[in-house]
Amino acid sequence: MKIDELLFSEGSADFYDPSFRFTLESHVAYLRASRQTYVINVQPHDTVVYNQDLFGFLNQAKVPAYLHWLVMRMNNFFSPYDFNSECVSLKIPSSKEVEVFRQSWKTTPVLTT
């Protein structure tokens with residue numbers, strides 16, 4: 001196995017832009033209720049292994065890194081340290097649906113004064 005195969009794709013820099021995160025935060029309720037959002041079950045042993053390490057758990061669950069922050073917010077976490085033994089499932093947004101938000105955000109003009 002080549003070392004490059006172990007790297008996770010961080011996705012576009014847009015996903016880390018505070019303005020885009022504000023846009024996503026504004027649509028968290030919609031994403032939680034969306035039919036395209038899916039749920040993954042969290043096994044009790046995973047909450048022990050990944051206690052207070054949501055992003056580590058999401059990496060092993062093969063959730064793309066650019067969605068980690070959004071998954072955290074969709075599940076009412078304010079920090080990856082909030083992931084603990086009380087978590088039994090996580091809502092994961094559709095990457096296609098998130099991409100629609102990103103494309104809309106990129107094409108919406110920003111007004112400056």
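Laboratory data are not the source of any read-out in this text; all were calculated from the coordinates shown. Quantities reported herein were computed from a predicted structural model and do not represent experimental measurements. Here the Cβ is made from the backbone with ideal geometry for all residues, glycine too, and neighbour counts use every protein chain on show.
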Point to revise | Scope the range 34-43; condition out of contact with any helix residue (DSSP H, G or I) (no Cβ under 8 Å at 6 or more places or on another chain) and either closer than 13 Å to L90 by Cα or of a type in the set (S, T, N, Q) (or both); matching residues | key: Y38, V39, I40, N41, Q43
Review point. Within the range 44-65, which residues are exposed (fewer than 11 other Cβ atoms within 10 Å of the Cβ) and over 20 Å from S95 (Cβ atoms)?
Key: P44, H45, V48
Study note, to complete from the structure: Going through the range 55-82 in order, the residues found to be aromatic (F, W, Y) and closer than 18 Å to V28 by Cα are Y66, W69, F77, F78
Point to revise | Selected residue (only one of S89, S94 is loosely packed, with under 11 Cβ neighbours inside 10 Å and of a type in the set (S, T, Y)) | key: S89
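Given L24, L31, which one is surrounded by 16 or more Cβ atoms within 10 Å (Cβ to Cβ), over 20 Å from A13 (Cα atoms) and out of contact with any His (no Cβ under 8 Å at 6 or more places or on another chain)?
Every option except L31 fails the conditions.
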